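A short reminder: the numbers here are calculations on the coordinates, not readings from a lab. The structure displayed is predicted, hence computed values, not measured ones. Don't worry about glycine lacking a Cβ; one is built from the backbone with ideal geometry, like all the others, and counts go over all protein chains shown.
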Amino acid sequence: MNLALDFGNTRIKAALFKGKELEAKYIYDSEQELLNALSTIKNIQHCIIGSVTNQHQKVFETLSKHYHTILFKAQTPIPLSNLYKSALTLGSDRIAASVGAYSLYPNQNVLTIDAGTCIKYNFVNSSNQYLGGAISPGIPMRLKAMNYYTQALPLVNADMNYDKLTGESTTESLLSGALLGAACEVDAMIGRYHEEYQNLVVLVTGGDADYLCKQVKSRFFTSQNLLLIGLNTILNYNLEK
């Protein structure tokens with residue numbers, strides 16, 4: 001069994017795979033919570049860790065003592081040609097999501113949108129080349145920024161049930177600008193990619209994917225396990241080498 005760990009900015013996601021098949025999925029709020037749970041996860045043979053934080057060291061050390069463990073870095077071999085000009089600064093989450101998209105739709109133009117702390121756009125062409133994409137603030141970050149950089153605007157929590165175009169109060173106006181504004185951005189970005197690339201497949205993942213599903217008019221697929229699928233694909237690729 002393969003154990004794939006995705007250390008994000010907010011949570012840690014874990015999944016057990018048998019070959020390519022997802023067998024179980026877990027979510028943890030901290031590295032210590034994950035460490036406490038490791039003894040209950042059975043039949044692990046190989047592990048891979050993808051992390052955009054520095055909160056994975058103890059888990060990596062613990063797993064390395066017992067299992068073959070890969071810490072996914074820019075230098076780790078992947079089943080894509082990476083044409084990103086600053087590959088050493090490329091986040092593990094961006095490339096893992098792209099590998100996950102490639103594993104589901106090989107030899108196709110695929111745009112992956114990861115709607116989390118930041119909204120990350122990643123593009124793989126039909127030649128299985130990772131070209132790059134874009135990064136913009138996620139929904140909670142937009143709301144926090146409007147409070148932080150002004151004196152009068154309040155801090156408003158994201159209400160994922162909000163769908164009014166015209167805000168009738170300051171709170172509603174902030175929600176409309178942050179939530180619907182993000183949805184309009186995503187819709188427009190998808191449209192621009194469709195203009196440039198034929199037969200485009202669009203995949204949306206991340207914590208705010210469900211909200212975007214309700215608001216974005218463009219056609220796309222959702223996959224909340226895309227990063228974990230990508231990490232497992234990278235692990236299997238390295239085991240076969």
Hydrodynamic radius (Kirkwood) for the stretch 1-71, which is based on Cα pairs only, to one decimal in Å: 12.0
Environment charge of Pro79, counting only residues whose C-beta is closer than 11 Å and scoring Lys/Arg +1, Asp/Glu -1: 0
Top positive-direction residue, dipole computed over the stretch 1-71 with Cβ charges, set Gln45, Tyr28, Leu3: Gln45
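Report the gain in length on full extension from Glu21 to His66: 0.36 nm times residue separation, minus Cα-Cα distance, nm rounded to one decimal.
13.9 nm
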Violating pairs (Cα-Cα greater than 31 angstrom) within the set Lys214/Lys241; Lys25/Lys58; Lys42/Lys85; Lys20/Lys73; Lys18/Lys58: Lys214/Lys241; Lys42/Lys85
Of Asn125, Asn161, Asn225, the one that fluctuates the most in a GNM where the chain has Cα springs shorter than 10 Å: Asn161
Student exercise, the stretch 1-71 dipole from Lys, Arg, Asp, Glu Cβ charges, in Debye to nearest 20: 160
Amide proton proximity set for Gly132, modelled H, under 5 Å, gap of 5+: Phe123
Value of [θ]222 nm, deg cm²/dmol, for the chain, DSSP H segments ≥ 4, -39500 (n - 2.57) each, nearest 500: -10000 deg cm²/dmol
Gyration tensor verdict on the stretch 161-231 (Cα atoms; rounded if a/c is under 1.5, prolate if a/b is larger than b/c, oblate otherwise): oblate
Taking Thr233, Thr76, Thr112 and counting other C-beta atoms within 10 Å, the order from fewest to most: Thr76, Thr233, Thr112
Distance between modelled label sites at Ala145 and Gln215, nm, 7 Å Cα→Cβ extension: 1.4
Total charge dipole magnitude, the chain, about the Cα centre, Cβ charges on Lys, Arg, Asp, Glu only, Debye to nearest 20: 540
Convex hull of the chain built on C-alpha atoms - directionally averaged projected area, nm²: 14.1
